[in-house]
Amino acid sequence: MIKSICSETSEASKIYEATDINEIGEVNKATNLNVVTVATEPINITEDIKSTNNPKNWPSRKKCLILFVLTITGMLVLTTSTVLLPALKELREEFDTSEVAVNSLVSVNSFFTGISSIAWAAYSDRFSRRRKVFLLSMILFIISTILCTLANRIWQLLILCAIQACGSSSSVSISAGIISDIYSPKDRGFAFGIFSLAPATLTGTAAGGFIIQYLNWRWLFYYLATRFNPFATLKLLGYPNFVLTAIYMSIVVSMITLQNISVSRNLSTRSYHLLPSSIGLLFIAPTLGCSLGSAIGGKYSDFVLQKARKNGVEIICPEVRIKSATPGALMVPCSYLIFGWLLIINFNIYVLMILWFFAVFGSYIIYSSLSPYLIDVCPGLSASAIALSYCMRLITAGVISIFGSLMEDFLGTGWYYTLIFVMCFLPTFFLVLVYFNGNRWKENFFKRNSYALH
């Protein structure tokens, strides 16, 4: 189905979703108006032409196999960012450096994963070279991971971890583009949820804890290694639908990093005095939260769309997906608040794990519900949209992780988690604004910027 957006017609208001921009800047010779031709894919409407060359029409078995491969490789990013968490204390002692310097390893990973993912995604969206980009980045990842084992200074490890992050970053952004290519909107939320549920947090922290306790931190990297204009899409930062949603997602999911660092330092001290291997195993709680939240959030997002159709809504705007983030938006801040104040009285560790689970579970309901929304409202820029939002999330996590421990020491653990509660709760109003204004903002943005984005 082909529709046209003209600068002097009201027909633009009828366009409610587009997934691929095929032609931009076409001039209507009869009216001399600038026209943007958009190939739209209305949600829940059967395609007019069935073609085996269209990836969305591939057999389910083939698409499931591709999704399985993407899910496994997607574990790389989370594994590289979490595997060092149980080792922070040991690294500080071996390199004889400050806690801030060691926490910078987490920050460096976040910064470079986010920034480089934009470049990988922009190239793949522009030139459709997803497979070549993916293979090149994996080679970079493996080489840098092996070199990490040779680091003798903290600055050497920081540099090599930055290069490693550049290599692993493509597994999220490129995979998001592939999911957008092969799944239609009615199934996209579920597919993205499955992709996000990889238990990388558990494999990273649990394996990391045992490796550190019984071997050495260098073995962490042995474990991992065996496993145009790239910034044109920064125009999306002027797109209210994208930027407000991505800011909210970045803040909420970044709080997981703060809690991970806080848990590691608190449970190794206080009255708990847990060993690294035990701390690593405790990450089973957020891992389950991540996996279940991703699967349920994506599927629930699709369910909300289907329900709107059954209720007789003729034009289904992508903003309907925002409703599916509501349970997570309520669950996350409350879980952090209760967790923090129970932690300071050395409460039962199993209760703390349950609260930890719900904080991450709610965060990934939000992430898996809103990520398909970003794909839906950024037609032809699916990989770039996810990469840019991922970059924002990781830069946010990187900045706050440097100062997280300092803030906790300054405020005290209870008030520190109260601050996290406020940071998670207040930005929910961004979603309210997008829900009521998103359709109008989308039309205005693509009228102004379709040329610049390609």
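The values are calculated or read from the model by the stated rules, or taken from the named source; none is laboratory data. Note that the structure is a prediction, hence the values are computed from the model and not measured. Every residue, glycine as well, gets a Cβ built from its backbone with ideal geometry; the counts of neighbours run over all protein chains shown. Just the protein is used for accessible areas: all its heavy atoms, side chains included, with ligands, DNA and RNA removed. Shrake-Rupley method; radii C 1.70, N 1.55, O 1.52, S 1.80 Å.
Above 23 Å lies some portion of the pair distances; for the stretch 261-351, what is it as a whole percent of all C-alpha pairs?
When all Cα pairs of the stretch 261-351 are counted, 45 percent exceed 23 Å.
Rounded to the nearest 0.05, what FRET efficiency do ILE146 and ARG448 give with R0 = 41 Å and r taken as the Cβ-Cβ distance? Could you check? List each step's numbers first, then the result.
Numbers: r = 47 Å, r/R0 = 1.15.
Computed FRET efficiency for ILE146 and ARG448 comes out at 0.30.
Based on the mean of other beta carbon atoms within 10 Å per residue, what is the order of 337-344, 352-359, 272-279, most packed first?
Output ranking for 337-344, 352-359, 272-279: 352-359, 337-344, 272-279.
Would you compute the Debye intensity of the stretch 371-454 from its alpha-carbon atoms alone, equal scatterers and no solvent, and pass along log10 I(q)/I(0) at q = 0.16, 0.22, 0.23 Å⁻¹ to two decimals?
-0.82, -1.12, -1.17
Please give me the summed charge of the neighbours of GLY404: other residues whose Cβ is under 12 Å from its Cβ, Lys and Arg +1, Asp and Glu -1.
Result for the local shell: -2.
What full-extension length gain, to one decimal in nm, is calculated for TRP341 and VAL422 as 0.36 nm per residue of separation minus the Cα-Cα distance?
Value of the extension gain: 27.7 nm.
How much solvent-accessible surface does TYR239 expose, in Å² to the nearest 10, with a 1.4 Å probe and all protein chains in place?
0 Å²
Please sort 421-427, 94-100 by packing, taking for each peptide the average over its residues of neighbouring beta carbons within 10 angstrom, highest first. Write out the running numbers ahead of the final one.
On the way: 421-427: 17.6, 94-100: 13.7.
Going from most to least packed, we get 421-427, 94-100.
Compute the distribution of all C-alpha to C-alpha distances in the stretch 335-396, in bins of 10 Å from 0, and list the percent of pairs in each, rounded to whole numbers.
All Cα pairs considered, the percentages come to 20, 34, 23, 18, 6, 0.
Arranged from highest to lowest average of other beta-carbon atoms within 10 Å per residue, in what order do the peptides 319-328, 165-174 appear? Don't skip to the end; give the middle numbers.
Working: 319-328: 22.7, 165-174: 27.9.
With the highest mean Cβ count within 10 Å placed first, the list reads 165-174, 319-328.
On full extension of the chain, what length is gained from ARG309 through ARG440, given 0.36 nm per residue of separation minus the C-alpha to C-alpha distance?
Length gained, ARG309 through ARG440: 45.1 nm.
With a Förster radius of 25 Å, plug the Cβ-Cβ distance of TRP155 and LEU234 into 1/(1 + (r/R0)^6) and report the FRET value to the nearest 0.05. Each step should come with its number before you reach the end.
Values: r = 30 Å, r/R0 = 1.19.
For R0 = 25 Å, the calculated efficiency reads 0.25.
At 7 Å along the Cα-to-beta-carbon direction for both TYR272 and ILE349, put a label point, then send me their distance in nm to one decimal.
0.7 nm
Could you give each residue of the stretch 105-117 its phi-based ³J(HN,Hα) in whole Hz, using Karplus coefficients 6.51, -1.76, 1.60 with θ = phi - 60°, and x for Gly or Pro?
These are the phi-based 3J(HN,Hα) values: 4, 5, 5, 4, 4, 5, 4, 6, 5, x, 5, 5, 5 Hz.
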